[in-house]
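No value in this document is a laboratory result; all are computed from the given coordinates. Keep in mind the model is a prediction, meaning the values are calculated, not measured. Every residue, glycine as well, gets a Cβ built from its backbone with ideal geometry; the counts of neighbours run over all protein chains shown.
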Amino acid sequence: MLTQHQELHHNALYGLDNFANSKTILDIEDDAANSDWGGNWRIPTFEEWTELREHCIWTWTANYNNIGISGYIVTGKNNGKSIFLPAAGAYNDDDLDDAGSSGLYWSSSINMTDPYFAWHVRFSADLLFAYSVGRIYGLSIRPVLKE
């Protein structure tokens, strides 16, 4: 007998041409970062995004390095290293929404409750949270190197 979790992932309604599986993270061949950059690049997992959210200082800037781009400078509390995450918005069909005011970044982790959805990090100047959204949307990716 399948658990409720297994039933969701084996439900043919969630898969193309009635195919479904029990994967929880993208395979490397389905990973956009690896497809575009190759080598050892991949999209971070939801757990890695959670670590970044919880163990870094997030500082909003409306004009990163005086180039007119809004987003967050994310600085490690332990090592002081920083990355910049632009508020690049997201695509809904052919429309780019919220560029300059919101950043939406995919994780490689599929929502276990509903595999039509995947986890992402979403932010604006006054909020930062994790959310799950349909995998049909065009969100940004922030590639990381595989260890």
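The table below lists the values:
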| quantity | calculated |
| --- | --- |
| Inter-site label distance for Asp95 and Glu47 at 7 Å from Cα along Cβ, in nm | 3.8 |
| Contour minus Cα-Cα distance for Glu147 and Ser82 (0.36 nm per residue) | 21.5 nm |
| For the range 105-147, convex hull volume per residue from C-alpha positions, Å³ | 94 |
| Stokes-Einstein D in µm²/s, Kirkwood radius over Cα pairs - the range 74-125 at 10 °C with 1.306 mPa s viscosity | 124 |
| Rounded to 5, percent antiparallel among DSSP beta bridges of the chain | 95 |
| Reachable lysines, given that their alpha-carbon falls under 24 Å from the alpha-carbon of Lys23 and they are not under 8 places away in the same chain | Lys146 |
| Ser22/Asn63 FRET efficiency (R0 41 Å; Cβ-Cβ; nearest 0.05) | 0.35 |
| D_trans [Stokes-Einstein, Kirkwood Rh over alpha-carbon pairs] for the chain, 20 °C, 1.002 mPa s, µm² s⁻¹ | 130 |
| Computed magnitude of the charge dipole of the chain (debye, nearest 20; Cβ of K, R +1, Cβ of D, E -1) | 580 |
